[in-house]
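First comes the structure, then the notes that go with it.
Nothing in this text is a laboratory measurement; each read-out follows from the coordinates by a stated rule. Just so we're clear, the structure is a prediction, and the values are computed from it rather than from any experiment. For neighbour counting, all protein chains shown are included, and Cβ atoms are generated from backbone atoms with ideal geometry for every residue, glycine included.
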Amino acid sequence: MPEFCDVALPVPLDMAFTYRVPPDSAPIVGGRVLVPFREQRMTGVVVELHERKPSVTAKSILSVLDREPVLDASLLRLARWIASYYLAPLGEVFRTMLPLAAEFKRGVGYRIGEDGLKALHLAGMSGSSARSQRSPEDQAAEFRALDYLAAAAETEPDVVPQASPVLPELGNSVASSALSRTLVREQTLRSAVRISRALLNGMVRKKWIVREDISTPQDASRTVKVAILKSAEGKLNENQRSIVDTLTASGGRLRVEMLQSLPAPRTTLGTLVRRGLVEIAEEKADFTVSRSKPRPSPFEFDFNAAQKAALAGLREAVAAGKFSGMLLHGVTGSGKTAVYLAGMRSVLDAGRSAILLVPEIGLTPAVAADLHQIFGDEVAILHSALSDRERAEQWHRIKRGEARMVVGTRSAVFAPVSDLALIIVDEEHDASYKQEETPRYHARDVAVMRAKMTDAVVVLGSATPSLESYFNTRKNKYALIELPDRVEQRPLPEVEIVDMRLEFQETGHEQVISRKLAAEIKERLERREQVMVLLNRRGYSPVVLCRTCGKKLECANCAIALTHHKREQKMVCHYCGYTARVPKTCVHCGSEYVYFLGTGSEKLEELLHGMFPQARIARLDRDTVRGHEDFERTLNALNEGELDIVVGTQMIAKGHDIHGVTLVGVVGADVALGLPDFRAAERTFQLLTQVAGRAGRGQSPGKVILQTYFQDHYAVQYAARHDFIGFYEKELRFRSWMHYPPYSALANVLVRSDKLDDALQWSGALGKWFSSTRHEAVRVLGPAAAPILRLKRDYRYHFVLKSPSREKLNTTLRAMLAYAAQQKIPRTQVIVDVDALWLM
Ligand SMILES: [Zn+2]
Ligand SMILES: [Zn+2]
C-alpha cells in the first residue's frame, strides 16, 4: 500500500490535501475517507495514492469509508473537467456529485481545557472574585459544565466511540486515536447541565473548553417491518385466514403496514407470529416512487410522421454507440415527451442506461406515476423534495444497477449509472439547470460533456432553444430535429397584442387588465372555457413609496424594495426573505403619505375576483405553491374543470397539458425587458412563447392576449408570431455586435463583503491588476457596482470578462484568483461565475 493519499475536501481551496495511510487500511482512488481537517472531521474523496513525502507532517486518515469507488473513472474525469471549466475546488464538485450526506452523522463534543481547569480551581479556592458581565445564572451554568467535563475527564463516563463505520459496505476503521478520550457529546452535556449553545461558544472562545467535531458515518438506509409467511398449516379463524391468504397472494411477504389495512384486528398478526406461522423481519425500505394513480399512458396515441422521424433518428444514433448531440426543436404541444420516453424505453430494452433531466417544477407526482408505469422498478426519480436519506437510497439503487432509467432535476446528471447510452435534457433553455452556488455548473453543458466522455447520445429538447444550443446546430455541432406541428393537427394559438400606452391614453388611467382582455375573459367564462393569466411578479404591490420624501421602503439586507404581501400583512424581500411590518407612515420622514404602487399576482387575483365574482379563481406562485403537490393539486383542479381562472407567475408557463384552457392573458410579462441584462430579450421571448403554448391544447383553438408597454420590441413581436427563427436571427446579430455569447465565452466575477470598505478595496485591487496585466484576447469590463449593489448584507462589485477563446478566458481567471489569494482576499468573497446566466 502506498504511504500517502491525496484527498479532495469540500472546502473553498483549490488543492488536494495529503494524508498518511495507516498500515491496516486500504483507501482507494474514487472512494471516500474520513479525515481530520482543522478542528473537524470531514469526508473527502481520494484522488491519488502515492509515495511522495509532503514537506509538512501529514496527519493520518481516520477511516476508509468505501471498498468500491463511489465515483468511477469516467465520473472522476467529469469532476476534473467541471473543476477546471468552472474554476471550482474539486472537493466541492465531488460534494455536489455525491448526494450521500445522510451517511454521515454530524455532531460535536467538548472536553475541558487547561484554562477551564484553572478557572474551576480558582473558583473553588476564593469563591470567585473575578468580575464578570455575565449574569449569575450564566456563570452558574458555565461552572456546572466545567464540573461535568472535569468529572468526565477522570471517570470517562460518556466517552464518544471511535469513528467506527457502521455502514454495511464500509471498510475497516482505523485503530484508536487519543482524539476523543474525554470528549462529551454536546447533547449529553447540554441535557446534563442545562446550558445554551451561546454560552458554550463563549467558553470555547475563553479556551475553557475545547470543541471537537465528532461526526461519524452512519447507516442511512430506512427499514420497514415485513411479514413473512412461514407456514399456512393448522386451523385458522376467519381473520387469520385473510392475513395468510393475503400473504400467500403476494408471494409470501408483505409490509406489515399493508396487512394492517386489512379489516382483521391488529392483534391477529401477533397471534400468527406467536404460533410461528408468520415471522416479522426488518428489511430495507424500497422507495415508493409515487402515491398518485398513473394517468393513461403517453403511448396511447399514435406518433405523427415528425415524431416517428425524431424517434428513428434518436434510436439510430444510440445504436451507433458513439457520441452525438441533437437538438430537438419542437413547438409547444408537439409531443416531445413521448419521443423522449419511447427513446428511453428502447435503451432499457437494450439493457443499457439513460438519464432524463427535467426542470425543477416539471417533476410532479403524476409525472412520476407515468414514469413508473412505463419503466416499472427500473426508474429512479431524483428531485429536490427528497430527504437526504431518500436521495442516498436512490443513489445506491442506481449505483447497484437496479434502476437504469434515471429521471431528475439538475444534479441527476451525475447519477452513477453504468453503460450510459442516452442523456436527454428537457426544456434545455430552463434557467434551473444552472447552479447558483459553487460549483456553478450548467447541467445541460455537463450532460453534453458526460455524453462525450462516455460515447453516449445527448438530446437537448425545447420549444424555445437557448441561443447557444441553436447556434451549435448551425455550426453542425448538433443535429437539428424539428417537430414543427402540434399533435393531432391542433393549431398554434392566435396572439393579439394590446398596447398598454394606448390603453392609458384612451381610458385615462393605468390599467392592469385591458378592456380587450376583460372582454375575452368574460366570453370564455360564458362558454365555460378556462383562462390563464400570467403576471411574472408575486406579492400584492412591489413598491412602497413616500410621496413626501420620495424614498422607497427597502430591505435591511439588500438594496431591493420590499414587496407588500396583503394576506400575510407583511413586507417581504424576495431576495433574502427579510420581513418587516406594513408601514403606516414613512420610515424615513414620518410622513403619512405612503403609497403602495404596482401590481403583483396577489393583487391581480383580487382584481379578477372583483371583476368576475362568479368565477372560481386560483393562484400559482411561490407563495401558494410550497411543493410539487400544491402545484399538482391546482393543475388537477383545472383539469377536472373545478376552476375557471388560474393566475400566476412564470410557474404557469411550465404547466402540463391542460385541455380546457382556451385563453391566455399576459399582464406585464415584459417587465424583464427593462433589466440591465443581455439575456433579457431571450428570457422574455421564451416566457411569452411558453405561456402562449398553454392555450388551445384541447379540442378548441386557443387565443393569447399579450398586454405590453413595449409593443415594438422584437422579443414581443416574434413571440406573437411564434417565430423562433426570426427572433434567433435578430438576437444573434446583437450578440455578435456586443461580443456576447454565443460569440464569446463570458464570466462574471463578483467581489462581495458585508463591509463596504473591503468590497471597494478588493474590487479596486483586482481592477488595477486587470488593467496592469496583459490578457491576450480577453476584454474586462469593470469594476462596477453590481446592478443589485447590496444583497443579503453583502456589498457587491463586479467585472464582466469576455473572450472568443475559452482557454484564454480561464487562464486569466485562474491568474486573477491566484492574485486575489496573494492579496489575502478570501476565496469565498470572490465569486467566479463562468457562463453566468444573470449579471445582476
Ligand atoms: Zn418619507
Ligand atoms: Zn433582502
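For the chain, what is the calculated [θ] at 222 nm in deg cm²/dmol (nearest 500), taking -39500 (n - 2.57) for each run of four or more DSSP H residues and dividing by its residue count?
On the way: 24 runs with 279 residues, N = 840.
Using -39500 (n - 2.57) per qualifying helix, the result is -10000 deg cm²/dmol.
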*P(r) for segment 648-786: what percent of alpha-carbon pairs falls in each 10 Å bin, starting at zero?*
10, 29, 24, 19, 12, 4, 0
*Using only the alpha carbons of segment 433-512, determine the length spanned along each of the three principal axes and report them from longest to shortest in whole angstroms.*
63, 42, 24
_Residues 193, 834, 339 arranged by fewest to most Cβ contacts within 10 Å_ = 193, 834, 339
*Which Cys in the chain stand alone, with every other cysteine's Cβ at 4.7 Å or more from theirs?*
5, 576
*Selected from 342, 667, 94, residue furthest toward positive end of dipole (the chain; charges at beta carbon)*: 94
*asked:* Students often forget the sequence filter, so: which lysines lie under 21 Å Cα-Cα from residue 118 once same-chain residues fewer than 8 apart are removed?
replied: 206, 207
*Violating pairs (Cα-Cα greater than 32 angstrom) within the set 105/452; 522/654; 730/802; 452/792*: 105/452; 452/792
_Column: log10 I(q)/I(0), Debye, Cα scatterers of segment 402-445, q = 0.15, 0.19 Å⁻¹_ = -0.40, -0.62
*asked:* Among 737, 210, 406, which residue has its Cα furthest toward the positive end of the charge dipole of the chain, with +1 on Lys/Arg Cβ and -1 on Asp/Glu Cβ?
replied: 210
*Protection proxy ranking of 98-107, 664-673 - average other beta-carbon atoms within 10 Å, highest first*: 664-673, 98-107
*asked:* To make sure I understand, if each residue's beta carbon is the centre and we count other beta carbons within 10 Å, what order do 414, 596, 727 fall in, fewest to most?
replied: 596, 727, 414
*Pick out the long, greasy-scoring helices in the chain: whole DSSP H runs spanning 30 Å or more along their own axis by Cα, mean Kyte-Doolittle at least 0.0.*
none
*How high is the FRET efficiency from residue 51 to residue 840, r the C-beta distance, R0 56 Å, rounded to 0.05?*
0.70
*Quick one: net charge of residue 266's neighbours, Cβ under 15 Å, K/R +1, D/E -1?*
+2
_For residue 380, distant residues with modelled amide H under 5 Å away_ = 405, 406, 407
*Burial order of peptide ranges 327-338, 753-764, 693-704, 787-798 (average beta-carbon count within 10 Å, highest first)*: 327-338, 693-704, 787-798, 753-764
*Estimated dipole of segment 46-104 in Debye, rounded to 20 [Cβ of Lys and Arg +1, of Asp and Glu -1, Cα centre]*: 240
*Once you charge only the Cβ atoms, +1 for Lys and Arg and -1 for Asp and Glu, what is the size of the charge dipole of the chain about its Cα centre, to the nearest 20 debye?*
1620
*Tell me, what is the FRET efficiency for residue 262 and residue 386 to the nearest 0.05, using R0 = 35 angstrom and their Cβ-Cβ distance as r?*
0.70
*Quickly rank 522-528, 380-386, 483-489 as a protection proxy: mean count of other C-beta atoms within 10 Å, highest first.*
380-386, 483-489, 522-528
*From the P(r) of the chain, can you give the percent of Cα pairs sitting at distances over 55 Å?*
20
*Charges only on Cβ, +1 for Lys and Arg, -1 for Asp and Glu: so what's the dipole of segment 590-708 about the Cα centre, in debye to the nearest 20?*
340
*Computed over the Cα atoms, what is the radius of gyration of segment 80-127 divided by 2.2 N^0.38 Å, N being its residue count?*
2.35
*Taking the Cβ of each residue in 659, 775 as the centre, tally the other Cβ atoms inside 10 Å and list the residues starting with the fewest.*
659, 775
